[in-house]
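First up is the structure itself, then whatever we jot down about it.
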Amino acid sequence: MRFWLRTEEMALEEMVQRLNAVSKHTDEIMHQDIVPLCAADIQDQLKKRFAYLSGGRGQDGSPVITFPDYPAFSEIPDKEFQNVMTYLTSIPSLQDAGIGFILVIDRRRDKWTSVKASVLRIAASFPANLQLVLVLRPTGFFQRTLSDIAFKFNRDDFKMKVPVIMLSSVPDLHGYIDKSQLTEDLGGTLDYCHSRWLCQRTAIESFALMVKHTAQMLQSFGTELAETELPNDVQSTSSVLCAHTEKKDKAKEDLRLALKEGHSVLESLGELQAEGSEPGVNQDQLDNQATVQRLLAQLNETEAAFDEFWAKHQQKLEQCLQLRHFEQGFREVKAILDAVCQKIATFTDIGNSLAHVEHLLRDLASFEEKSGVSVERARALSLDGEQLIENKHYAVDSIRPKCQELRHLCDQFSAEIVRRRGLLSKSLELHRRLETSLKWCDEGIYLLASQPVDKCQSQDGAEAALQEIEKFLETSAENKIQELNTIYKEYESILNQDLMEHVRKVFQKQASMEEVFHRRQASLKKLAARQTRPVQPVAPRPEALAKSPCPSPGIRRGSENSSSEGSALRRGPYRRAKSEMSESRQGRGSAGEEEESLAILRRHVMSELLDTERAYVEELLCVLEGYAAEMDNPLMAHLLSTGLHNKKDVLFGNMEEIYHFHNRIFLRELENYIDCPELVGRCFLERMEDFQIYEKYCQNKPRSESLWRQCSDCPFFQECQRKLDHKLSLDSYLLKPVQRITKYQLLLKEMLKYSKNCEGAEDLQEALSSILGILKAVNDSMHLIAITGYDGNLGDLGKLLMQGSFSVWTDHKRGHTKVKELARFKPMQRHLFLHEKAVLFCKKREENGEGYEKAPSYSYKQSLNMAAVGITENVKGDAKKFEIWYNAREEVYIVQAPTPEIKAAWVNEIRKVLTSQLQACREASQHRALEQSQSLPLPAPTSTSPSRGNSRNLKKLEERKTDPLSLEGYVSSAPLPKPPEKGKGWSKTSHSLEAPEDDGGWSSAEEQVNSSDAEEDGGLGLKKLVPGKYTVVADHEKGGPDALVVRSGDVVELVQQGDEGLWYVRDPTTGKEGWVPASSLSVQLGPSGSAQCLSSSESSPGSAVLSNSSSCSEGGQAPFSDLQG
C-alpha cells in the first residue's frame, strides 16, 4: 500500500511537471511569457491597419513592419499605438526579433509636418530593436523640397539609435528590400491580406490558449484524483471508480476537441504551405505553421502524460475494488468458518448405541456436506488472493495473511472432520462388536428358553438339546468379546466412563450366559448318560438369572445396542418366546423358571421402550435440523412461500422443548433402568410434570395442521424432504409427539403385566394412571380451546375436571307459576365442561375439513356457578339421568349420560366439588363467628333454631322475588294424589314411597343430615327421607279440595310423600290433613336441631333432596368470592 502511494505520488509529480512544461512552452511559443497580449484582445485596433507585419524580411532576415499611408495616424491614442507595436514585435521569433526590425513608413501622400510627427512618435515608442527606418517622403514637389530642407536643418531631431533614410521613390526602397519581401502597394510581389492574417492569428492564439487551459485542467484533475482517499467498502469504491472514469472521459473529450481544433488550424495553414513554392509565400506563414505544429506536439505530450497517470490511477482504484471485494468475502467466510468450527467443536458425543453412532455419522456427513460449500468458498477466495499477489497488487501485506488464515481454517476444519469420523468409526466398530455379542447372548437365552424340560427326559431329547447347545457354543469365537483388556487398549481413544461400564457389563453378561450354558451342558450330558431307569429330570435353572424374587433381566443397555435390524430380529423371537414360555411353564414345576421367563419378557418390553424412545428422539432431531433450522437458512429463503414467513413456531409448536426433554433428561434416565426394568415406573413418576409440555403441543396442533394444508406444496418442504431422503412428508413427523405420548401407556401396561409380583408394580400402576391422566388432560384441553363465544377467561373457572356430551332437558320455575320452558319434550344436545368453579353448557358444532380441521367446535350457551349448584343423583325411570339444579331449583337441568358409568363418574366428581365448597363455606362461617362472638354471638351452624331458619328462608324468598309454589301449579299439570289410607303413612324408619334407596341430592350450601348413618351406609345417608314434625316456612292458602291451608310458623307432621313435589301432612292442632308443597316445609330435629327443608325433584315425583335452609351467608348462597378464598 505504501509502495503504491509512493508510486502514485511520483506519477502525479511527473505529470504535473510535464503539464507545467506544456503551459510554459505554450507561452514561449506565443511569446506570451514576455508580452501577454492576444490578437483577440486588440482586434479592433489591429483592424485599423495603421501598421502591419506583412511577413517580409530584409536582406539579413530582419522582420519588416510597414506603416502604410494612414491620414489619421496622429489621432491614434498612445495606448492603442503602444499595444499594436507591442503585439507586432512579439510575433516574429526571438531570433529574428533579435536582429532588429526594419520599419517602412509610407508617407508619399502626406505632408512633411505629419511625416516628422510620425517618425518622432514611432522612434519614441517603438518597443523592440530597430535596424533601419525607411521613409517614403511626400511625392509633391513642394513637399518633397520642403522635406529635404527641413530634414537637413532638423537632423538632430531625428537622431535615433538606427539610421533614418528618406527615400524619394519606391524604386529607391527596392534597393534596401527585395521586391519579393514587399507588398504590392510598395511595388512588391508579397501576397498579404490583412483580414486573413488577423483571422489566422486569432485562430492560432485561440488554439494555443486551448492547449494551455487543457493542460491546466488535466493538472488540476490529476491532483484531485491523487488526493482522493480510498474508500473502505465495495459500494463506495465502485462509486468513486465510476465517478473518476466519467471525469476522465470528459477530459479526454476536451483533449479530442483541442486536437481537432489544432489540426483544423494546421490544415488551413497547410493550404498556404502548398502554395509556398510560389514567391508570394512569406516567412511568417511558415512560422505560424511551425507554431501550430509545436502546439499540437505539446498537446500530444499533455495527453500522453495524463494517459500514463490515469492508467496508474485506474489500476489503483481497480485494485482497491478488488481488495474491498476480497476483504468483504474474507469477513463473510471467516464468520461462517468460525461458526462451523464452533459447531464441530460441540460434536463430542461418540454415541451410546449402534443406532446412535450411525445417526452421529449421518449427522457428521450431512454437516460436512453443508459446510463444504463454505469451505470451498474459502479456498476459492484464498486462490483469488494469491492471484492478486501474483498480479503485484499494492496491498500484498494485507492480502497474504488473510490467505494464510483461510487456508489454516480450511485445513483445521478438514482435519477435525477426519478426526471426528475416525473416532465415530472406531465407536461404530466397537458398538457393532458389542451388538453382536449381545445378540449372541440373546439368541442363547432364547435357545435355553425354547428347550422344554419334558423333551429332555429321553436320551434322544437330551442329546438333541446338547447338540443344539454345542453347535451354538461353536459360534462364540466370531460373536463374543475375547479379552476385556484388549478391548480397552484397542479402543482407548473413544472409551469414556459410561462406555467402559457398558463394555464391562456386556462382557459380564457374556460370561454369565456362557456359565449358564456350561451348566446346562453338564446337566444334559448327565441326563443323556443316565437312562438305566426312568426318572423325572429337573432342568437346571440359570442361577445367574434367578437370584431374587424379581430378578434383573440381565446386564444390557437395551436401546444402546439396538438398531433397526436388531429390533426387528428381537421382536420376532420376543413374541415367539412368549408363546413358547407359556407352554413350557406348564411343564416346569419351578417358580424360578417362570420368573426367568417373566424377566426375559420384561427385558424385551424395556428394550422396545428404549428402542422406540431413541428412534423418537432421532426423528425429532431430524425434523428440527432438516426442516425447522432450514427455515432460518438464507440459502433456502427463496424457496419459502410468503405464508410461511415467521410461522416456524406455529408449524412446529414446542417440538424443540419436547426434544430437549427427551434427549437430555428422559432418555438418559430410562437407560438407568436397563438392569431393572420392573422399576421403570419410578422414572415416569419422577418426570410426570415434564410431560405437561405435550398439552401445549397438542393445543397448537390444529393451527399447525391448518398451516401445513395451506403450504404443503411449497418447494421448501419438497427440497428438505429430498435432502433428508424421507419417504414420508413433514406432516407425518409432526404427528410423532401425539403418537408417542399415547404409546407410553401401552408399554406401561405391558410392563405391568409381567411385573405383578415385583417390587415396582405399584409404581408402574401409578405411572400408568398418571399417563392416562395426562392423556385425558390433553384431550380435555383440545376440547377446551374449541369453545367459542365465551366472553370471560376460562382460566378463571379453575381446573377442567371433566367434559362430555349429554342430552339435556330444562325444567325451570319462573314467577308465581311452574312452567315447562318451551315445552321441551325433545332433549337438547349439549357438551358440558365441569370446572372447579363453574359448569359450562355448550352446543357442539361439527366443522368441515380434514384431520384436525374436522375437530368440532363448541358454541357457548350458558354457565352455572358451582357455588349455587346442587344435584339430584337419580331420576326415576332412567339409570343414566341425573339433575343439576341452580339457585334452589329455580333452574333445573335433567342430564342424560351416554352410559351409567359416565353418569356415575360425573356425579362423583360434582359431589367432590360441592363437598370441598361446603367445607370452605363452613370454615369461613366459623371464622366470622369467632370474629363476631364478642359483639353478636352466633349459634353453631348445626344448631340453628327453627324460627331462625324460617326467617332465613323467608328472607331468601324475598330477595329472589319469588313466592312459594301453590297447589294450583300442581293441579294445572296433574290432579292431586289421593289421601293415603289409614295406617299407610310413614313410620320412623320409612323412606319415600316411590324413591329408590340411592336417590338423593347435593348442594354446596347443604349440610348432611344423619352423617353417622351416611358413613355407615357408604355415603348414602343423605338419600333417605326423614319422618317427623316440620315447620311451615311459607303461607299456603289456595289449592284443590285435598289441599291443606297452612300459614308460616305452623307445625305439621309428615304422613306421606307424594308425586310432583307434594307431601301429605297432618296439622296436630286441628287434626286436619292435606297436601302441601314440600318446598314450604322445614324439618324439626329437636330443640337444638337445625331446620331442614325437604324439597322434591320437579322432574321425578319420587326423588328428594335435603337442603339446609341456612346457608353460609344470610342472603342465601355464599358469595362466589368467599368460596374462591
Discussion item. Can you work out the Karplus-derived ³J(HN,Hα) for every residue in the stretch 492-497? Use 6.51 cos²θ - 1.76 cosθ + 1.60 with θ = phi - 60°, whole Hz, and x for glycine or proline.
Written reply: 4, 5, 10, 6, 10, 4
Worksheet item: By how many nm would the segment from residue 826 to residue 750 lengthen if fully extended, with 0.36 nm per residue of separation less the alpha-carbon distance?
Response: 22.8 nm
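Going highest first, how would you order 652-659, 635-642 by mean Cβ packing within 10 Å?
Numbers: 652-659: 20.1, 635-642: 12.8.
Descending packing order for the listed peptides: 652-659, 635-642.
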Fill in: Among 719-730, 889-900, 41-52, the order from most to least packed when residues are scored by Cβ within 10 Å on average
889-900, 41-52, 719-730
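With r as the distance between the Cβ atoms of residue 339 and residue 508 and R0 = 45 Å, compute the FRET efficiency 1/(1 + (r/R0)^6) and round to 0.05.
On the way: r = 44 Å, r/R0 = 0.98.
The value I calculate is 0.55.
How about the stretch 407-483: which trypsin sites (Lys or Arg not before Pro) there lie in a loop by DSSP and see at most 13 other Cβ atoms within 10 Å? Kindly include the intermediate steps, with their values, before the conclusion.
Values: sites: 407, 419, 420, 421, 426, 432, 433, 439, 455, 471, 480; in loops: 480.
Of the trypsin sites (Lys or Arg not before Pro), not one in the loops of the stretch 407-483 has a Cβ with at most 13 other Cβ atoms within 10 Å.
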Worksheet item: Stretch residue 311-residue 383 to full length: gain in nm at 0.36 nm per residue minus the Cα-Cα span?
Response: 23.3 nm
Discussion item. So for each of 54-61, 856-863 I average, over its residues, the number of other beta carbons within 10 Å; can you give me the resulting order with the highest mean first?
Written reply: 54-61, 856-863
Worksheet, complete the sentence: Each label sits 7 Å from Cα toward the beta-carbon; between residue 845 and residue 429 the label points are separated, in nm, by 6.8 nm
Practice prompt. Using the heavy atoms of the protein chains and a 1.4 angstrom probe, tell me the accessible area per residue for the stretch 594-690 in square angstrom.
Written response: 39 Å²
Worksheet item: In nanometres, what is the gap between the two model label sites at residue 297 and residue 916, each 7 Å from Cα along Cα-to-Cβ?
Response: 11.4 nm
Worksheet item: Can you give the FRET efficiency for residue 696 and residue 257, using 1/(1 + (r/R0)^6), R0 = 60 Å, r = Cβ-Cβ distance, to the nearest 0.05?
Response: 0.15
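The values are calculated or read from the model by the stated rules, or taken from the named source; none is laboratory data. As the structure is a prediction and not an experimental result, all values here were calculated from the model. Cβ coordinates were reconstructed from backbone atoms using ideal geometry, including for glycine residues, and neighbour counts include every protein chain displayed. Note: accessible area is taken over every heavy atom of the protein model, side chains too, but ligands, DNA and RNA are not part of it. Shrake-Rupley method; radii C 1.70, N 1.55, O 1.52, S 1.80 Å.
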